[in-house]
Structures are given as C-alpha cells and as structure tokens.
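Structure first, then comments.
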Amino acid sequence: MQTTSFVSLVLSLFLILVTVSSAKRYEPNWASLDTRPLPAWYDESKIGIFLHWGVFSVPSYISEWFWWEWKGTKSPRAVTFMLENYKPDFTYPDFAPDFKAEFYDPNRWADIFNASGAKYVVLVAKHHEGFTNWPSKYSWNWNAMDVGPNRDLVGDLANAIRKKTDIHFGIYHSLFEWFNPLYLQDAANKYTTQDFVKSKTMPELHELVTKYEPEVVWSDGDWMVNDTYWNSTNFLAWLFNDSPVKDTVVVNDRWGSNTNCKHGSFFNCHDKFVPGQLFKHKWENCMSIDQGSWGFRRDASLSSIYSMDELISLLVRTVSLGGNLLVNVGPTSYGEIAPIYEERLRQMGEWLNINGEAIYATKPWAFQNDTVNPDVWYTSKKTSNGTVVYAILLKWLKGNVLELGTPIVSRQSSITLLGYSGSPFTFTGQATHGVQINVPTISFYNMPCQWGWVFKLENLVNQ
C-alpha cells in the first residue's frame with residue numbers, strides 16, 4: 001500500500017513537471033505574442049468602467065490634458081484661466097497638495113461599480129502628467145502617498161473591488177510623461193537613448209503588476225515612437241510568461257506608434273472606436289460619459305453628458321459588433337463620483353439586470369443590424385437547445401407590429417420580451433425571410449425597461 005502511494009506521488013510530480021515544462025513560452029516579438037489566446041473572461045464581460053483621476057482633477061478645467069494645454073500648446077483658455085485665478089508664480093505641481101481625495105471611499109466606489117453591471121474596472125494609475133496614484137519607488141515626491149491624498153489610491157481600490165465584488169481589477173499606465181527631463185532628453189536624442197524607459201517606464205510597469213496583480217494592463221502615451229524604444233515586447237513576454245497574472249491578464253494595443261490596431265489582446269485603435277462592421281479581432285470601445293473630457297470638469301454642461309438612450313444604444317451596437325464597452329467617469333479631486341455619473345452607472349445596471357442575458361457572454365450573430373429596421377441590433381448565445389438570438393430594439397415601435405428582416409421562423413419558433421411577464425408573442429413569418437411580430441399594447445407599469453427592449457428569438461430556422 002505504501003509502495004503504491006509512493007509510486008502515485010512520483011507519477012503525479014512527474015506529470016506536473018511535464019505540464020510546466022511543456023507550457024507555451026512567448027518570445028519577445030509580435031509574431032509570438034500575437035499567438036496568445038484571449039482569456040475568456042474578457043470577451044464574456046462586455047462592460048468595464050474607466051476612471052481618469054489625478055492631479056488634473058484639481059483644476060478640473062478643459063480636460064485631463066490641462067497641464068499640456070497650459071504649458072505645452074499654451075492654449076488661450078488655459079493661460080487665461082490661470083492668469084485670472086492663480087498667483088503669477090503658481091506651477092502645475094502646486095495643484096498636487098489640493099488633490100486630497102478626502103471623501104474617497106473605495107468601498108462605496110466598489111458598490112457603485114457592482115451596481116452598474118460592469119465586470120472589470122480600469123483605474124488610471126498614472127496619466128501623462130507623471131503623478132502616480134500609488135506610492136511608486138520611481139516617482140519620488142510626485143505620488144499619492146508623498147503628496148496630496150497621502151494614501152495608496154490604487155491599492156485601496158484594488159482591495160475593495162476584490163473584497164466586495166467579482167469585478168476584475170485593471171490599471172491604465174501612460175508610457176511617457178509630458179515634461180519629464182529624462183523623456184525629453186531621449187526625445188532630443190531622437191530616441192536613440194532609453195534612459196527614461198529603463199529608469200521610469202519599465203520599472204513602474206513591473207512594480208504595478210507585481211504589487212497589484214491587475215488583470216488589465218491598459219497602456220497609453222505610446223504614439224510618438226515605435227515599440228522598440230519602449231521595450232514593449234520584452235515587458236509583454238514577461239507579463240505573459242512569468243508575471244503573477246500571466247494566465248488571466250489582457251492588454252490593449254498602445255505599445256508603440258506601430259502597434260495601434262495591430263497587436264494586443266484587444267484593440268482600441270483610437271478613442272471611441274466603433275467599426276462600421278464586424279471586426280475580426282477582439283476590440284474595445286473606450287468612451288466617456290462626459291463627451292468633452294475623460295477627467296472631471298467643473299464646467300461640464302448637461303448637453304455634453306451621455307443620456308441613457310445614447311449610452312444603451314452605444315452599448316448595444318458595440319456588443320453586437322463583437323466589442324466591449326469601457327465606460328469612463330472622472331472622479332473629483334475630493335474623491336467623489338459626481339451624482340450624474342453615479343446615476344448613469346446605476347441606471348445601466350438596472351437595464352442589465354433585466355437584459356444582461358442579451359449582453360454578457362454573447363457572440364455576434366450572422367447579422368448585426370437588421371435589414372429592415374435599422375433600430376434593431378442582434379446578439380446571440382449558444383445553448384443546449386440551439387442558438388438563441390436577441391433582437392434589441394432601440395426605439396419602441398409606434399404601432400403593434402414589429403417587422404424584422406433577417407430572422408427566419410417556423411412553427412417551432414418562440415418570441416418573448418425579456419422582463420415582460422405576458423405570454424409569448426404571436427408572429428407571422430415571411431415566405432423566405434423576415435418576421436412580423438404582434439406586440440400587444442404594454443402599459444407603462446408593465447414595460448420591462450425604459451430603453452433598449454430585448455426580444456428573445458428561439459428555435460429560428462437560421463440560427
């Protein structure tokens with residue numbers, strides 16, 4: 001008996017060693033890195049929350065690019081704002097002590113994000129201003145522990161997210177910094193030197209991944225020079241092979257001026273990207289509820305804020321075309337998510353509580369947009385009984401008949417409205433394609449939601 005147990009133990013250890021030794025290793029080149037499969041959780045999630053937060057949240061004027069607007073392009077708006085409101089010798093770093101985050105409650109934020117229905121969160125750990133929202137060893141006196149909040153903003157949110165929710169935690173990191181002398185010297189040398197990358201960019205990324213284990217590493221600030229300068233492929237090879245998140249982490253495509261929309265777990269291509277047709281590679285639409293800024297703006301107008309009709313419409317179109325939607329809000333310098341943004345997030349969650357079946361873990365259908373009704377977009381999901389198709393109507397019908405041009409029905413087909421307790425709807429199929437659905441008059445109190453109504457189509461001929 002003891003001999004048998006020993007043999008079994010040796011065999012188990014041997015199998016473990018074989019498995020480890022045979023695990024695929026990725027080489028530091030795009031041909032190899034691009035073969036890594038996309039972790040399933042990311043495609044299934046569909047919705048994330050983006051958080052632009054930093055010293056720029058103090059002036060909270062124009063956008064998160066305020067420093068560059070003031071001292072880089074010297075835009076009249078920024079220059080005039082500073083002349084009229086601050087003493088002549090005021091510098092941008094002088095804003096940092098007022099980045100106090102005194103009302104920052106990461107547990108409350110986690111509750112809001114959980115209520116939104118989002119499945120991942122991406123926090124700006126460092127934007128182009130160079131201020132790190134964690135106590136980085138590589139950003140002396142220009143980080144959230146040394147000045148301003150005097151706390152680890154990244155770590156506090158990561159802990160709250162993991163303690164209170166099942167949401168995946170991720171970070172945004174800018175590769176470059178506008179006014180860092182080391183970066184400016186590398187640029188002056190036409191990027192033939194890498195002093196900034198070796199002493200700042202790469203150490204920070206390794207520090208972030210090792211300390212906080214983010215499952216999204218969202219890179220930015222790459223566009224002025226190719227990936228060779230940034231040493232991107234070496235970092236990604238380490239991330240995919242040896243980091244603590246090697247099996248679950250995903251990255252975007254901003255790793256050099258030559259990588260955009262070409263390399264990465266998923267593509268952003270550009271901000272607010274929505275392709276006009278089904279995209280072959282997994283992609284993400286990063287957008288902001290405030291259409292004029294990613295960071296919080298004190299002077300934002302209601303007309304610049306996405307309405308729920310607009311937000312649900314964008315979500316539906318994005319998922320129908322195979323993408324994820326990354327919804328940005330800019331917290332205030334004092335650590336609050338403004339009520340208008342909290343309302344939008346909670347309303348999105350209310351909609352998803354009813355209609356999430358048509359969003360999460362879905363796949364694009366053979367048709368994305370209906371051929372007869374342009375206000376209908378499709379998603380699909382495979383089940384043990386075949387493929388279920390979801391027809392998402394963005395504008396409620398004026399009469400009692402919903403006509404769709406692409407589904408082919410039979411007597412075995414069934415059509416229901418998610419969240420509606422009434423009987424399945426009757427319908428009339430057309431000779432070759434299309435269907436007319438008879439929708440009874442539904443009172444306001446029985447209407448399942450206020451935006452984006454989902455018709456569930458089962459047992460279609462053209463699944």
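Just so you know, in region 248-275 the residues that are in a loop (DSSP other than H, G, I, E, B) and aliphatic (A, V, I, L, M) include one that is surrounded by the most Cβ atoms within 10 Å (Cβ to Cβ), and it is V249.
Of the residues making up region 295-324, those that are in contact with a Gly (Cβ under 6 Å, 6 or more places away or on another chain), among the hydrophobic types (A, V, I, L, M, F, W, C) and open to solvent by 10 Å² or more (accessible area, probe 1.4 Å) number 1. The set of residues in region 271-288 being of a type outside the set (S, T, Y) and under 13 Å from the mean Cα position of the chain (by Cα) consists of D271, K272, F273, K282, W283, E284, N285, C286, M287. Contact annotation: residue pairs with Cβ atoms under 8 Å, 6 or more positions apart or on different chains, pairing a residue in region 255-279 that is within 18 Å of T233 (Cβ to Cβ) and in contact (Cβ under 8 Å) with a residue 12 or more places away in the chain with a partner that is open to solvent by 60 Å² or more (accessible area, probe 1.4 Å) and β-branched (V, I, T), are G256/T228.
Every condition in (1) in contact (Cβ under 8 Å) with a residue 24 or more places away in the chain; (2) surrounded by fewer than 17 Cβ atoms within 10 Å (Cβ to Cβ); (3) out of contact with any helix residue (DSSP H, G or I) (no Cβ under 9 Å at 6 or more places or on another chain) is met by G419 except one, and the failing one is (3).
Selection of first residues in region 94-114 that are farther than 18 Å from F66 by Cβ and part of a helix (DSSP H, G or I) and of second residues that are of a type in the set (D, E, K, R) and modelled with pLDDT of 95 or more, restricted to Cβ pairs under 6 Å at least 6 apart or on distinct chains, gives the following pairs, ordered by first then second residue: P106/D156; A110/K164; I112/E342.
Rundown of residues vs (1) more than 30 Å from E403 (Cα to Cα); (2) among the aromatic types (F, W, Y); (3) more than 20 Å from the chain's Cα centre (by Cα); (4) not in a loop (DSSP other than H, G, I, E, B), yes/no style:
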{"site": "D299", "(1), (2), (3), (4)": "yes, no, yes, no"}
{"site": "E310", "(1), (2), (3), (4)": "no, no, no, yes"}
{"site": "V319", "(1), (2), (3), (4)": "no, no, no, yes"}
{"site": "R346", "(1), (2), (3), (4)": "yes, no, no, yes"}
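Applying the criterion of being small (G, A, S) and part of a loop (DSSP other than H, G, I, E, B) to the residues of region 357-397, the residue that is surrounded by the most Cβ atoms within 10 Å (Cβ to Cβ) is A361.
The values are calculated or read from the model by the stated rules, or taken from the named source; none is laboratory data. What you see is a predicted model; the values in this text were computed from it and never measured. Backbone-built Cβ (ideal geometry, glycine too); neighbour counts: all protein chains shown. Ligands, DNA and RNA are stripped out before the accessible areas are found, and what is left, the full protein with its side chains, is counted by its heavy atoms. Shrake-Rupley method; radii C 1.70, N 1.55, O 1.52, S 1.80 Å.
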